[in-house]
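Reading through the structure tokens given below for one structure.
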Amino acid sequence: MSFTKQTIHSFIIVVLFLFSLSSAPAQKVGVVLSGGAASGIAHIGVLKALEENHIPIDYITGTSMGALIGSLYAMGYSPVQIEALAKTEEFKNMSEGIIDQKYAYYFKRDDENASWITLRLFDSTILSAIPTNVISPISMDFGMMELAGGPSAAANYKFDSLFIPFRCVASDIEKKETVVFKDGDLAQAVRASMSYPFYMRPILVDGKLLFDGGLYNNFPSNIMYEEFYPDFMIGSNVSSNNPAPDEDNILSQIKSMLQSKSNFELPCQNGIIIQPKTDVGLFNFSNVQPLIDSGYVATLRQIQNIKANTQRRTDSKELIAKRNAFAAKQPPIVFDSIIIEGLNDTEADYARKILRHKNKKVSMENLKEGYFRLAADNKIKYIFPVAKFNPQTGNYDLYLRIKKEKHLIVDFGGVFSSRPSSEGYIGIKYNELGKFATSIMANGYFGKLYNATQLKARFDFPLKTPIYIEPTIGWNKFDYYKSSSQFLKEVRPEYVLQNEEFGNVNLGFPTGKKGRVVGGAGGGRISDKYYQTTIFTPGDTADRNDFDFYTAQAYYEINSLNRKQYPNQGEFVNFKIRYVNGIEHNSPGSTSPDLVDNYYNRHEYYILKLQGEKYFNRRGTLKIGLFGEAVYSTQTLFRNYTVSVLAGPSFQPTLDSKTLFLENYRATEYFAGGLKFVFNIRKNIELRTEAYIFQPYQAYIRTASNQTDYTPPFSLQHYIGSGSIVWNTPIGPMSLGVNYYDQVVNPFSIDFHFGYIIFNKRALE
């Protein structure tokens, strides 16, 4: 039999065609996702465009944010599901270290103070006491365990057995090398890959302290090539190497020391790199949709080129079926044992009581409340959770690596102001953890306006209904003359100096996650020194009024505000009732019109006070806040006008108003309120405006003999306003603002400050 050349040529074409058909299904595609912090959200759009165009994804590798997005895909989440997750408040909270308001536990929170930085002592050097992270990783760690627990178990903790094979990288800074994760706990691996230095706390894995994978390999295309050897590679890159260090820029120098240059190229010719255009701050997760869209559009621009190089196509129905099959393999997360590491037996028993887990089966959702309650405990520094499936029981074991807080903690802070209200702050705290938790705290403020010292202890008992007992002794001094004399020269105030010495004991218990009820009793002395005239000389002696009292009080409080100063989310409610019984002793000074040398009078009265604050539109650019306050008091008049006003309840809704003695905003009975408008210019930079009305039932007025009388009911109103631009820096807020009070000749003033205008609690607060 003889064959012509044409027959042979046709036969070869047919054979090659059949070979191509048989070999096409074997073509494997690997996707590489770079690091890049918030910019890495663009990877979601890349995956979405690839899947919509039926491009197969057989392997995936990632670094940092690329590791997170890649791991979610490897767990079986579709790009549409990942996009929906990235738009949730929970994802934003995880990324920014915020605990969801549903699980924020206010009961354990200490009183607010003016601290900027906290140093934990009893370490080898002072540098080891400096915080290693900007954000709290608590919500991220729990969230990753919740997302990855089931998929990890279904894959038997082998990354090749996930929905698709997966790899991620972290950095071992001791050995200066990349660590590749191919098995083990998926949540722990991804968390290590995302541990950006100084932003998120590094974690220990198998005894190694691991940091963000981007330090040494921010585009793990070589890992894809070495681990999977795909036929075609698709890279999504949203990062680049740092520029050369600047001799005047310490941050650029630190980055150069920490990070090695990454190779943002593919190790083979058979591949395509997609480079979404992103213009977003490193950790700005406030608006993810433009980032997702950028990845989607960048991929569509190259989709024809990708299709030309990938003959295989995925079938949507088959992909859904494969995802459903992998999801069906995942055991539901139910814990029946908790193993606590890092605490002794007594300390672990304290932790278990807070978790309220007594070897009974508990679901992930039911675990959350106790977990975040324990994380909020100020005796606990850090918790890292690992969910491990136990095939013998069919449930999970929960491993909690707990690091307790240092015994000795020192806080530093205060405020720098353009007005004479600047002050420094130092606080010292000693912690002890046993069958119950103990904290002993001392602090001090020092400045022209405000000086104070406080000594306080708190004993927390982890009962079925937790309680704390808190004894306190304190001293406060407000010098309103020094703080006001440079405020507006045409309004030289009366000399007012107020001293408080007091002690009390409070007992509190929680009401839900955001609230607490507190009751207590105490006593003390309030001493006021003042002139009843603006005309006095250094040789004159001031009037003095001493009020020796004992008091009892109870209050109900809810607090979910997201910041201790300049909040823009959450709510605050406080309803308080106080009983006061005391004796007033008045001694006139050299300029006093009063001729009675020693005046005594008993005062017995009640005060009811309701205060509320709430913010709306949590995710929008414009947030609106409501603030209201109402007071009813049976307080009787003191010896003269000045001391009556000093003793009366005051309305101080703005930070600036807390530093001034403003007569027109004090009354025994009033209601007041206003609006706050907070406009986000950029992340952590806000434009804030506030406006309030103060409506006393009867305002104080001064008689000709400097005694006190009242106006007719509702005959006067007063107004307060402020506008400011605020930058909430990592250590404290910086503000430039304008204030308005309608009680002065020139009602406007300008104030700049950096830090916290926060005081210790007052004697009758």
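Structure notes:
- Electrostatic bookkeeping for Phe389 treats Lys and Arg as +1 and Asp and Glu as -1; over the other residues with beta carbon under 12 Å from its beta carbon, the sum is -1.
- Rounded accessible area of Phe163 (nearest 10 Å², 1.4 Å probe): 10
- List Glu341, Glu51, ordered by accessible area with a 1.4 Å probe, largest first: Glu341, Glu51
- Using just its DSSP H runs of length 4 or more, each adding -39500 (n - 2.57), the chain gives a mean residue ellipticity at 222 nm of -6500 deg cm²/dmol after division by all residues.
- Principal-axis analysis of the Cα atoms of the chain puts helix 5-23 at an angle of about 30° to the longest axis.
- Among the protein heavy atoms, those of Glu501 account for about 100 Å² of accessible surface (1.4 Å probe, every chain in place).
- Stretchable slack from Asn53 to Asn366, in nm (0.36 nm times residue separation minus alpha-carbon distance): 108.6 nm
- A 1.4 Å probe over all protein chains sorts Met75, Met441 by accessible area into Met441, Met75, starting with the largest.
- Residues Cys168, Cys268, ordered by accessible area of protein heavy atoms at a 1.4 angstrom probe radius and largest first, appear as Cys268, Cys168.
- The chain - Rg and Dmax from Cα coordinates, angstrom: 32.4, 142
- Of the trypsin sites (Lys or Arg not before Pro) found in region 391-444, those that fall in a DSSP loop while having at most 12 other beta-carbon atoms within 10 Å are Lys435.
- Taking all protein chains as shown and a probe of 1.4 angstrom, Trp116 keeps an accessible surface of around 70 Å².
- Efficiency of FRET between Phe459 and Lys388 - r from beta-carbon atoms, R0 30 angstrom, step 0.05: 0.25
- Summed side-chain charge close to Gly413 - residues other than Gly413 whose Cβ falls under 15 Å, Lys, Arg +1, Asp, Glu -1: -2
- Sorted largest first, the spans of the alpha carbon positions of region 378-420 along the three principal axes are 68, 23, 9 Å.
- Sparsely packed trypsin sites (Lys or Arg not before Pro) within region 610-692, loop by DSSP, other Cβ within 10 Å at most 12: Arg619
- Residues of region 558-591 falling in the label zone of Trp727, defined by backbone nitrogen less than 18 Å from a point 7 Å along Cα to beta-carbon, are 566.
- Near Ala192: Cβ cut-off under 15 Å, other residues only, Lys/Arg at +1 and Asp/Glu at -1. The net charge is -1.
- With a Förster radius of 56 Å applied to the C-beta separation of Thr346 and Asp742, the computed FRET efficiency comes to 0.40.
- Label sites at Asp397 and Ser337, each approximated as a point 7 angstrom past Cα along Cα to Cβ, lie 0.5 nm apart.
The values are calculated or read from the model by the stated rules, or taken from the named source; none is laboratory data. From a predicted model like this one, the values you see are computed outputs, not experimental measurements. Cβ atoms come from the backbone with ideal geometry, glycine included; neighbour counts cover every protein chain shown. With ligands, DNA and RNA removed, areas are computed over all heavy atoms of the protein, side chains included. Shrake-Rupley method; radii C 1.70, N 1.55, O 1.52, S 1.80 Å.
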